[in-house]
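Structure first, then comments.
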Amino acid sequence: MQHHKRRTRAYVSTAALAAISMAVLGACSGGESSGDGSAASGTYTWWDPYPQHDASSDWEGRVQACGEEAGVTIERTAYDTTALTNQALLAAQEGAAPDVILIDNPAVSTLAETGMLTTVDEFGLDTSAIDENLLAAGVVDGEAYGIPIGANTLSLYYNAEVLDDAGVDPASVTDWDSLTAALEQVTEADHKGITFAAIGTEEGTFQFLPWFWGAGADLTDLSSPEAVAALELWKGWLDDGYAPNSVINNSQNTTWEEFLTGDFGFAENGTWQVNSAAEADFETGIIQLPARDGGVAPAPTGGEFIVAPVQSDTSRYDVTRQIVECMTTPEGFVETANTFAYYIPPTAEGQEQLLEENPDLEPWVEAVRSAKGRTSDGLGTDYPLISEALWTAVQNALSGVSSPQDALETAQADAEAATS
């Protein structure tokens, strides 16, 4: 195994720091850590974006078990998603990066571009079993810089009682036309059609991408006819009363709260609402987000990668590799999925084991297999800039400031200027 020796300290530009203000979901910031974790103490430092899971949580136990297996103690610090990326960049600049970081997948390329991460090849890690579409979110210039610990994504939840009252068979929804026809039936039966999150943040882009990609559009050309068709679909739903104007300000959480009122036929939301859906006051179900002309639309992958920052003391890497491997065995992936209840393992073997334990997750496994990383296609650190242009276009079109075509033409010009 060849260890990473050419970089011992990463210096981070202001542009790199600015590029990572793109959190999808976050909670409160956790405590601070020195990040030095000397080898002599047998303590290895670990940062993750899960402040909601405290020292008494199953997740803490999961992390510590991997430390025990490697014969060391893990000092875990939790930060909110955006704070974690900033802290990681600053720690690398100071030569005090932690041994292990779990980082939101779009931020992997930001960290990698600064030179602060080792590659999986340098660490001697085998990623051959990882689903290629999931691993791609952490690939920069052909090099993989981490391993997904699992993935979540989006699908369409439906209210079975509303659809039944409206005479809609969920199995009939297979493309945009059949979905729009279902929304018409639902609203004619005095129910509300569909709710989604079109807020002017990364969450808005995250929710729009299945329709954008499902039309055949590409993030390198925001004003293509395919992109326009996707935005016209959303705008048409608002104009026809199939979706409420509240979607313009909806986060994914507020969208879910709307769905839980029982008034809506459909809601676009994620794997992380599985437990909440099961506890709703009405029967729910899942269908795949349809592509324009049929089939499953690629939805963006959510979830974290486990990455190993560069250390000046390369003797630490052997234990770090053992910790990473503990998290990424087939059994490890399933244990993580069960700990969080909303992560799908990133390998076929892990997915099969999960489905043996919980067959109801089959639609989510299918969705993850069709999903796509937001920074895929070589976008890397250009993605946040393109995403902001895209969510601005969605805001302008849905609010009536611009037509979908004009909004997207402006977005493409802004994206080109920002990334040139």
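Just a few scattered comments:
- With respect to (1) open to solvent by less than 10 Å² (accessible area, probe 1.4 Å); (2) touching a Gly at 6+ places or on another chain (Cβ under 9 Å); (3) acidic (Asp, Glu), the lone exception for Glu268 is condition (2).
- Flag if Leu156 is under 27 Å from the mean Cα position of the chain (by Cα), under 22 Å from Phe208 (Cα atoms) and part of a helix (DSSP H, G or I): no
- Every condition in (1) out of contact with any helix residue (DSSP H, G or I) (no Cβ under 8 Å at 6 or more places or on another chain); (2) open to solvent by 20 Å² or more (accessible area, probe 1.4 Å); (3) of a type in the set (Gly, Ala, Ser) holds for Ala277 except the one numbered (2).
- Residue count, the range 169-183 (criterion: touching a Gly at 6+ places or on another chain (Cβ under 7 Å) and open to solvent by 10 Å² or more (accessible area, probe 1.4 Å)): 3
- Filter result for the condition that a residue is among the aliphatic types (A, V, I, L, M), surrounded by 20 or more Cβ atoms within 10 Å (Cβ to Cβ) and touching a Pro at 6+ places or on another chain (Cβ under 7 Å), over Ala112, Ala92: Ala92
- Residue within the range 345-365 that is at pLDDT below 90, buried (at least 24 other Cβ atoms within 10 Å of the Cβ) and under 20 Å from Ser155 (Cα atoms) present: no
- Which numbered condition Glu279 misses (of (1) touching a residue at least 24 places away in the same chain (Cβ under 8 Å); (2) in the same structural domain as Thr205 (by TED's automatic domain parsing)): (1)
- Just one of the numbered conditions (1) in contact (Cβ under 8 Å) with a residue 40 or more places away in the chain; (2) acidic (Asp, Glu); (3) under 30 Å from Glu122 (Cα atoms) is not true of Asp293: (3).
- Scanning the range 159-170 for residues that are farther than 27 Å from Ile344 by Cβ, touching a residue at least 60 places away in the same chain (Cβ under 8 Å) and not in a helix (DSSP H, G or I) returns a single hit, Val168.
- Residue match in the range 230-244 (condition: among the aromatic types (Phe, Trp, Tyr), in contact with a strand residue (DSSP E or B) (Cβ under 6 Å, 6 or more places away or on another chain), open to solvent by 20 Å² or more (accessible area, probe 1.4 Å) and assigned by TED's automatic domain parsing to the domain that holds Asp293): yes
- Restricting Thr261, Thr255 to residues that are under 28 Å from Glu232 (Cα atoms) and either crowded, with 20+ Cβ neighbours inside 10 Å or at pLDDT below 95 (or both) narrows the list to Thr255.
- Yes/no for Val296 being of a type outside the set (Gly, Ala, Ser) and open to solvent by 40 Å² or more (accessible area, probe 1.4 Å): yes
- Looking across the range 120-145 at every residue that is part of a helix (DSSP H, G or I) and open to solvent by less than 10 Å² (accessible area, probe 1.4 Å), the one that is nearest to Gly42 (Cα to Cα) is identified as Gly138.
- Complete set of residues in the range 176-215 that are of a type in the set (S, T, N, Q) and either touching a Lys or Arg at 6+ places or on another chain (Cβ under 9 Å) or more than 18 Å from Val247 (Cα to Cα) (or both): Ser178, Gln185, Thr205
- Answer from Ala197, Ala182 - the residue that is within 15 Å of Leu289 (Cα to Cα), part of a loop (DSSP other than H, G, I, E, B) and in contact with a strand residue (DSSP E or B) (Cβ under 8 Å, 6 or more places away or on another chain): Ala197
- Qualifying residue in the range 201-213 (condition: in a helix (DSSP H, G or I) and open to solvent by 10 Å² or more (accessible area, probe 1.4 Å)): yes
- Helices (runs of 4 or more DSSP H) wholly inside the range 312-420 that include at least 1 residues being within 26 Å of Gly115 (Cβ to Cβ): 317-327, 383-398, 404-419
- Qualifying positions in the range 366-397 - buried (at least 23 other Cβ atoms within 10 Å of the Cβ) and within 17 Å of Trp237 (Cα to Cα): Ala393, Val394, Ala397
The values are calculated or read from the model by the stated rules, or taken from the named source; none is laboratory data. It should be emphasised that the depicted structure is a prediction, and the values quoted were computed from it without experimental measurement. Don't worry about glycine lacking a Cβ; one is built from the backbone with ideal geometry, like all the others, and counts go over all protein chains shown. The accessibility values were calculated without ligands, DNA or RNA, using every heavy atom of the protein model including side chains. Shrake-Rupley method; radii C 1.70, N 1.55, O 1.52, S 1.80 Å.
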